[in-house]
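Encoded as structure tokens, the structure appears first; notes follow it.
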Amino acid sequence: MKLIVDAMGGDKAPQEIVQGCIDAAREFNLKIILVGREDVLERELTSRNAPKENFQLIHAEEVIGAEESPVMAIRRKKDSSMVKAVELLKEYRDGVVISAGNSGALMASGLLKAGRIDGIDRPALAPLIPTRNMRGTLLLDAGANTDCKSDNLMQFAQMGSIYMEKVMGRSNPSVALLNIGHEETKGNELVKEAFKRLKEIKSINFVGNLEPRDVLNGSVDVLVCDGFVGNVVLKLIEGVAFSLFGMIKEEFMATPISKLGALMLKSRLKNIKGKMDYAEHGGAPLLGINGGIIKAHGSSDARAIKNAIRQGKIFSDQAVLDSIRSFARI
């Protein structure tokens, strides 16, 4: 098992990235490859009294910024920490890369440097959406492919089902298609065709359509859609959560009595916020790439990085890539 971390990617790199790697190495007894500016990483490890025998450093001089054009950045910055991390997947075919860097650049790097698994037409970005029942729902695709065919949605369903069973421990995970209604006749031509074809796949537990209003209930394990719709859903959920907590705070701070009420409810409000915390879930796997890639949130702190590494360990231990390769060959 090779766990490879882009140590320079993300808003809080390299300090929080390195600390998360140290925490993961200690807690899970892991050996981790750190890719980035070697002098900087050496200094960070030394200052944090890290177990250096658990780390291998690979020097990369450049860093891809959050706002850079993905394809142009990959072509121009071949010595960047992200590109060099993904290139290691050619050497370690069952390795897993974790990065909190530029999402588009990471997806492009995966496609150009590692390639797709034979038989998989499009990779899918698959974040775990927090839900009321705290189980979470895997959404895919969440932005890797804005235009899809029914073949793509079928592959997303199969890859998502494998991931939820292998990594999240869900036995016979339920799979639904995101649609504007529960009826089979609802939706555009893409969704209606995908519905008919998903019903015929015996290897997944397809339960039909799911309406957007039911997404956060957590009634299904895997939710399938094209990348345009998935990205809209993901950003809408993030925006609603941010706005809702803002409005609640404004109301609680409005009067002395409401402030007292806020104090009494503080612990319960923290519980609700915790259910929506991305740091608990690690990152979003990019499924379909010929190597493991996990995209951590750009604002990931040490706890989020540690959980993303734990996620990568399970991904490798449970041979998720081999399972996807097996169904893709059929």
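No lab work stands behind these numbers, since they all come straight from the coordinates. The model shown is predicted, which means the values in this text are computed figures rather than measured ones. Cβ atoms come from the backbone with ideal geometry, glycine included; neighbour counts cover every protein chain shown.
Structure notes:
- Simple Cβ-charge dipole of the chain, Lys/Arg +1 and Asp/Glu -1, about Cα centre, in debye nearest 20: 580 debye
- Other residues whose C-beta falls under 13 angstrom from the C-beta of Arg76 contribute a net charge of -1, scoring Lys and Arg +1 and Asp and Glu -1.
- With N the number of residues in the stretch 123-282, Rg(Cα) / (2.2 N^0.38 Å) evaluates to 1.18.
- Positive-end ranking of Ser219, Asn145, Met134 along the dipole of the stretch 123-282, with charges on Cβ about the Cα centre, is headed by Met134.
- Shape call, the stretch 1-85: gyration tensor on alpha carbons, a/c limit 1.5: prolate
- Within the stretch 123-282, percent of DSSP bridges classed antiparallel, to nearest 5: 15 percent
- Across the stretch 240-251, computed HN-Hα scalar couplings (Karplus, 6.51 cos²θ - 1.76 cosθ + 1.60, θ = phi - 60°) run 5, 4, 4, 5, 5, 5, x, 5, 4, 4, 4, 5 Hz from first to last residue, x flagging Gly and Pro.
- Considering only Val232, Gly208, Met247, and ranking their Cα positions along the charge dipole of the stretch 123-282 that arises from unit charges at the beta-carbon of Lys, Arg, Asp and Glu, the one farthest toward the positive end is Met247.
- Estimated dipole of the stretch 1-120 in Debye, rounded to 20 [Cβ of Lys and Arg +1, of Asp and Glu -1, Cα centre]: 280 debye
- Which of Ala114, Leu286, Gly20, positive extreme of dipole for the chain (C-beta unit charges): Gly20
- Antiparallel %, DSSP beta bridges [both residues in the chain], to 5: 20 percent
- Phi-based couplings in Hz for the stretch 186-195 (Karplus 6.51, -1.76, 1.60; Gly and Pro marked x): 7, x, 7, 5, 4, 5, 5, 5, 4, 4
- Here the chain was treated as a single set of alpha-carbon atoms; its pair distances binned every 10 Å from 0 give 6, 26, 31, 23, 11, 3, 0 percent.
- DSSP beta bridges confined to the stretch 1-144 are antiparallel in about 15 percent of cases.
- Relative to one another, the C-alpha centroids of the stretch 3-39 and the stretch 245-260 are positioned 39 Å apart.
- Dipole magnitude of the stretch 123-282 about its Cα centre (Cβ charges: Lys, Arg +1; Asp, Glu -1), debye to nearest 20: 660 debye
- Shape class for the stretch 1-142, computed from the alpha carbon gyration tensor (a ≥ b ≥ c): oblate, with a/c not under 1.5 and a/b at or below b/c.
- 3J(HN,Hα) along the stretch 49-64: 6, 6, x, 5, 5, 8, 10, 10, 9, 10, 6, 9, 7, 9, 9, 8 Hz, from the Karplus curve 6.51 cos²θ - 1.76 cosθ + 1.60 with θ = phi - 60°, whole Hz, x for Gly and Pro.
- Taking only the C-alpha atoms of the stretch 90-147, Rg followed by Dmax gives 13.5, 41 Å.
- Net charge in the neighbourhood of Gly115 (other residues with Cβ under 12 Å of its Cβ; Lys, Arg +1, Asp, Glu -1) is +2.
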